[in-house]
Amino acid sequence: MHKLVVIPGDGIGREVVPVAVEVLEKLLPDLQIVEAEAGWSCFQRGGNAVPEATYQAIRDCSAGIFGAVSSPTGQRVPGYRSAILQLRQGLKLNTSLRPVRSWPGVSPRPGVDLMILRENSEGLYSGREHWESEGVAIAERVISRVACEALARCALDVAKARKARRITLVHKANVLPVTCGLFRDTCREVLEGEGWAAELDERLVDLAALQLVEQPEAFDLIVTSNLFGDILSDLACHWSGGLGLAPSLNWGNGIALAEPVHGSAPDITGSGRANPIAAILSMALLLRYHWQKPALAIRLEAAVENFLREEGKADFGFETTRVVGQGILAVL
Ligand code: NAI
Ligand code: MG
């Protein structure tokens, strides 16, 4: 029996998550759904962006899907912190898996197939921000050996599953020798110590960004820290066809939370334009890596590929969510 906590969240999260759940139910007829809430609207209703019941449900089921969350930008709302950041940190979902590959009809070029592994629980997103004095604001970047070790061990598992030829560590250790130095040295120690025999190389993050634009085919498995992974994964998903096709899996501590990379997209919420493929492909990551059902993951990705090949696009205007969802269900 597979149990899945379903957290639609805010904005288009509420539109794409039901489609992804319907697709997963077709693949796993024994799927048991547990509904839970989190996000900005949840905070506005009850004063808590992630109620304790939501943490408990995810711990009990060990798997979930999270749609997206809205965060008020530029202003500080007392007591509010992004729900997804709280979940990643609170549940120790150490690693975010963010694959980027070419799809027929929607990708700007063929032949791209890479994965970004992003440290997911610390770095510059640790929530340690304060005013040092009038006009001077400080953010602390936390890098711990424990989190880097967990990330590197996850990289080995993913490399095995992907049959990766190369792992590229992305950092900025020339400017941040203490934090990025610890990141790089710890990842190297784990990967070399656990017998990573294929190629292990490194890039400074600025050059990695340029090369992801110039020659994305050169990358296989990228391992990086939280902020760098956040930025590089949005950049790289251009090669898939954009945020509507970018899936992710928050993973660690025996728990997996599938999550489309995109946010709540207030500009298109309620219009029917949200592409559900990012959420659907996030379910494939859950199947492959957490539930160890690679054959079902392959079947799901093949259905997406066949749909896109037949239709030659993923944008159906105001009918996108419905047409894409129904189309993928039909070829599954
Ligand atoms: P966004 O990802 O929500 O939207 C960026 C652009 O991509 C928009 O033009 C949007 O219409 C488009 N887009 C995104 N997903 C799409 C989809 N599935 N189909 C078609 N088009 C899609 O990022 P933005 O605008 O920077 O942030 C909006 C809100 O989302 C903010 O409150 C932000 O804090 C939050 N956010 C939440 C994330 C999360 O829950 N993990 C991640 C990123 C942003
Ligand atoms: Mg992001």
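Observations on the structure shown:
- From 85, 91, 114, residue being touching a residue at least 40 places away in the same chain (Cβ under 8 Å) and open to solvent by 30 Å² or more (accessible area, probe 1.4 Å): 85
- Of everything in segment 155-181 that is open to solvent by less than 10 Å² (accessible area, probe 1.4 Å) and in a strand (DSSP E or B), the residue that is nearest to residue 287 (Cα to Cα) is 167.
- Unique residue being modelled with pLDDT of 95 or more and within 23 Å of residue 331 (Cβ to Cβ) when the list is 240, 271, 264: 240
- For segment 138-145, the criterion of a residue being within 16 Å of residue 205 (Cβ to Cβ) and more than 23 Å from the chain's Cα centre (by Cα) is satisfied by no position.
- Test: residue in segment 51-63 that is under 26 Å from residue 331 (Cα atoms) and either under 16 Å from the mean Cα position of the chain (by Cα) or open to solvent by less than 20 Å² (accessible area, probe 1.4 Å) (or both): yes
- Scanning segment 1-50 for residues that are in a loop (DSSP other than H, G, I, E, B), closer than 29 Å to residue 267 by Cα and open to solvent by 70 Å² or more (accessible area, probe 1.4 Å) gives a single hit, 37.
- Within the set 246, 265, 284, 208, the sole residue that is more than 15 Å from ligand 2 (Cβ to nearest atom), out of contact with any Pro (no Cβ under 6 Å at 6 or more places or on another chain) and not assigned by TED's automatic domain parsing to the domain that holds residue 120 turns out to be 284.
- Residues being of a type in the set (D, E, K, R) and in contact with a strand residue (DSSP E or B) (Cβ under 6 Å, 6 or more places away or on another chain) are represented in segment 259-273 by at least one member.
- For beta carbons closer than 6 Å, sequence separation of 6+ or different chains, a first residue in segment 42-64 that is in contact (Cβ under 8 Å) with a residue 12 or more places away in the chain and a second that is charged (D, E, K, R) and open to solvent by 50 Å² or more (accessible area, probe 1.4 Å), the qualifying pairs are 61/3.
- Any hit, segment 247-265, residues being open to solvent by 10 Å² or more (accessible area, probe 1.4 Å) and part of a helix (DSSP H, G or I): no
- Close pairs from segment 141-154: first under 9 Å from residue 223 (Cβ atoms), partner assigned to a helix (DSSP H, G or I) and among the hydrophobic types (A, V, I, L, M, F, W, C), Cβ under 9 Å, at least 6 apart: 151/183; 151/187; 151/190; 152/187; 152/190; 152/191
The values are calculated or read from the model by the stated rules, or taken from the named source; none is laboratory data. These numbers were taken from a predicted model, which means no experiment stands behind them. Every residue, glycine as well, gets a Cβ built from its backbone with ideal geometry; the counts of neighbours run over all protein chains shown. Quick note on the areas: whole protein, heavy atoms, side chains included, nothing else; ligands and nucleic acids left out. Shrake-Rupley method; radii C 1.70, N 1.55, O 1.52, S 1.80 Å.
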